[in-house]
Amino acid sequence: MNEEAKRRARRRRQRVMVVAVAVSVTVAGVAIAAMSGGERGSSSAASGSGAEERGTIGAPGAGAVEPIAAWGVVHDGWVRIYADGRVLWENDTGRILERRLTRTGTALVRSGVLTGADIDDGRHDVLASRIWAEAEFRPFSPTVYAVCFWVQLEETGYHIPATAVVDELPRAAQTLVRGTERHFEARWGHFPSQRDPGAECFRLSPATLEAFQASLDSDDRRSWDVEGDPPTPEPRIFPEVSPVMPDGTLMYWGG
């Protein structure tokens, strides 16, 4: 496996908050249901300038909260600010942090006085007494997770619909996820202007996700250590577990 392939594999892993045990099934039998292939975002990654972007991002569903500002720079981090005052910040560590703005802070974002770049570089501290409703950032605790399925090839990969894989899961896992599938659009944290078709994934609560992962952990079929190199020559399909953002989308990042 060449260095470029390894770099791509590392980039893909950085976009995922949690990775569960591999599902030991081959591509044969599900490839016909595969979504459009290639490395995610490879066709337009250069379009992201890292500039501040305001307005609706994506098509939020029922109960979703509209983003009002977005910022991101590769090897620096990304910020999303939502209409209800929530700020999500990933400072290039792989961890998403959360904090709430006051009404004054939210108004400053809407007016353009306060930007995601200000949050990332610490300039927000100057206005701390006015803009923050909470004393400090804390780990983001999503109320919904998406379990998607990724086919890793030697140099790239692609998503396949969750329903194409469900029959290959352990029986306990099948019971948990049947009927929860839905399509999630995705955004690129480090490229605010870039969108991604996303994937059909299972939509699970934190408690159901925990039970789902436990069912995979107890499966005695062969697993793949995703922190190592992708297996060759036989590709594998494995689950990616991603937090669902407040606007109902997934967030990809890496670089």
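The values are calculated or read from the model by the stated rules, or taken from the named source; none is laboratory data. Because the structure is a prediction, the values reported are computed rather than measured. Here the Cβ is made from the backbone with ideal geometry for all residues, glycine too, and neighbour counts use every protein chain on show.
Values as computed for the structure displayed
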{"quantity": "Subset of region 201-233 (residues that are under 18 Å from Y158 (Cα atoms) and at pLDDT 55 or above)", "calculated": "C201, F202"}
{"quantity": "Qualifying strands (runs of 3 or more DSSP E) (wholly inside region 135-200; at least 2 residues being acidic (D, E))", "calculated": "181-188"}
{"quantity": "Selection count where residues are within 18 Å of A207 (Cβ to Cβ) and out of contact with any Ser or Thr (no Cβ under 6 Å at 6 or more places or on another chain), scope region 133-168", "calculated": "8"}
{"quantity": "Single condition G63 does not satisfy, out of (1) of a type outside the set (A, V, I, L, M, F, W, C); (2) within 15 Å of the chain's Cα centre (by Cα); (3) at pLDDT below 95", "calculated": "(2)"}
{"quantity": "Scope region 96-116; condition within 19 Å of F140 (Cα to Cα) and hydrophobic (A, V, I, L, M, F, W, C); matching residues", "calculated": "I96, L97, L101"}
{"quantity": "A173 being over 30 Å from A117 (Cα atoms), crowded, with 20+ Cβ neighbours inside 10 Å and either assigned by TED's automatic domain parsing to the domain that holds I81 or not aromatic (F, W, Y) (or both)", "calculated": "yes"}
{"quantity": "Every pair of residues 6+ apart whose Cβ atoms lie under 8 Å, when the first sits in region 154-178 and is free of Cβ contacts under 8 Å to residues at least 40 places away in the same chain while the second is among the hydroxyl-bearing types (S, T, Y) and buried (at least 18 other Cβ atoms within 10 Å of the Cβ)", "calculated": "L176/S215"}
{"quantity": "Condition met for A51 (modelled with pLDDT under 90 and outside any loop (DSSP other than H, G, I, E, B))", "calculated": "no"}
{"quantity": "Residue within region 117-128 that is in contact with a helix residue (DSSP H, G or I) (Cβ under 8 Å, 6 or more places away or on another chain) and outside any helix (DSSP H, G or I) present", "calculated": "no"}
{"quantity": "Breaking point among (1) buried (at least 17 other Cβ atoms within 10 Å of the Cβ); (2) within 30 Å of R103 (Cβ to Cβ), for V165", "calculated": "(2)"}
{"quantity": "Leading residue by the ranking (surrounded by the fewest Cβ atoms within 10 Å (Cβ to Cβ)) among those in region 80-98 that are assigned to a loop (DSSP other than H, G, I, E, B), touching a strand residue (DSSP E or B) at 6+ places or on another chain (Cβ under 6 Å) and of a type outside the set (D, E, K, R)", "calculated": "N91"}
